[in-house]
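Report on one structure; see the data block that follows.
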Amino acid sequence: MENDNKKYDDFIKTYKRIRNNAVFFLERYYNIVHPDQKVELSDDEKQELFDEFKGIPFFGDTGNAFDKFNKYQKKIDELKNEGYKDWEIH
């Protein structure tokens with residue numbers, strides 16, 4: 001049962017990433033399922049695709065939503081400073 005929970009948790013983690021990250025979807029799903037129609041993109045094209053479909057994170061409507069947003073934004077800034085691209089982060 002514990003193994004099933006881990007699989008489910010992994011699925012949810014991947015799904016949350018895929019639903020707002022078209023580049024992740026393209027690389028981790030579409031190109032694998034459709035190898036005969038594989039799409040290869042440059043980094044600039046990946047950025048355009050990511051920007052077109054990126055989602056807006058929701059931090060809840062509680063009093064600490066602003067604090068959660070600040071923590072999230074700080075982590076995003078740190079990762080970008082380390083050289084990660086937008087689609088690699090989200």
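Could you state the accessible area per residue of the chain in Å², with a 1.4 Å probe and every protein chain left in place?
83 Å²
Once Kirkwood radius over Cα pairs in Å is worked out from the coordinates, which option in (i) 14.4; (ii) 13.3; (iii) 15.1 does it equal?
Checked against the structure: label (iii).
Give the carbon-plus-sulfur fraction of the accessible surface of the chain in %, rounded to a whole number; probe 1.4 Å, heavy atoms of protein chains only.
After summing per-atom areas, the C and S share lands at 51 percent.
First select every other residue whose beta carbon is under 15 angstrom from the beta carbon of Asp61; then total the charges, Lys and Arg +1, Asp and Glu -1. Provide the component values of the computation, followed by the final result.
Values: positive: Lys68; negative: Asp67.
Surrounding charge for Asp61 is 0.
The values are calculated or read from the model by the stated rules, or taken from the named source; none is laboratory data. On a predicted model such as this, the values are computed, not experimentally measured, just so you know. When we count neighbours, we look across all protein chains shown, and the Cβ atoms used for this are built from the backbone with ideal geometry, even at glycine. Ligands, DNA and RNA are excluded from the accessible area calculation, which covers all protein heavy atoms including side chains. Shrake-Rupley method; radii C 1.70, N 1.55, O 1.52, S 1.80 Å.
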